1. With loop defined by DSSP as not H, G, I, E or B, and exposure as at most 15 other Cβ atoms within 10 Å, which is the longest segment of the chain clear of exposed trypsin sites (Lys or Arg not before Pro)?
2. Anything over 19 Å Cα to Cα? Flag those among 63/87; 6/63; 6/87; 63/86; 86/108; 19/99, in the order listed.
3. Residues in region 76-107 near a label at residue 122, defined as backbone nitrogen under 17 Å from the 7 Å Cα→Cβ point?
4. Across every pair of different alpha-carbon atoms, what Kirkwood hydrodynamic radius in Å does the chain reach?
5. What nm value, rounded to one decimal, do you get for the distance between residue 22 and residue 110 when each label is placed 7 Å out toward the C-beta?
6. Would you tally the net charge around residue 93, using a Cβ to Cβ cut-off of less than 14 Å, leaving residue 93 out, and scoring K and R as +1, D and E as -1?
Amino acid sequence: GNQTLKKGDLIAADEMYGKAVDILAGRGASDGHSVSGSADEDQLLATCLSNRAQCVLHMAEGKGILGDGRPFASQFQDPKHFGWFKKQALEQAEDCAVKACNLHVDEKSLYRLGLARMHLTLLEEGE
C-alpha cells in the first residue's frame, strides 16, 4: 500500500491497507489485537491502521488521483457530496488512528489522530 499511496492512487492504497488489516486482525475481531496477539503482529497491525488513516486523510483533503488519472476530487460534481464524503473519511481516519494508538502508540499515529480530530472539529464549526 505504501508505494500505491506515494503514487497518489488512494483508493487502491486504502483497499490494500484494508486487506492487510483484515488479515492481521481477522474479520470481525473485536478485541483490537492481531489474530496471533504477538507484539510484532500488533505493531504491524498498528502500522497498517496508521497508514490507512493517512491515506484516508489525503482523500478527505481531495488529494490523489483516480484509476483513470483524473484528480481524486473530480469525482464529486456537487460540493455537498464532497462535504459528506469528507466527514465520513475524517471519521474513518480518526477510527483507524485510535485503533493504531491503542495497539502501539507512536508519533505518526498520534499526529494522524490529532489531524483527523482537528479537521472534524473545523468541519463541525463550519470552517
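1. In the chain, the maximal stretch lacking such sites is 64-127.
2. Violating the 19 Å limit, Cα to Cα: 6/87; 86/108.
3. Backbone N within reach: 82-94.
4. Result for the chain, one decimal place: 14.9 Å.
5. 3.3 nm
6. Neighbour charge sum, excluding residue 93 itself: +3.
Only the coordinates and a few stated rules stand behind these numbers; no lab work does. All of these numbers come straight from a predicted model, not from anything done at the bench. Counting neighbours? That spans all protein chains shown, and the Cβs are built from the backbone with ideal geometry, glycine included.
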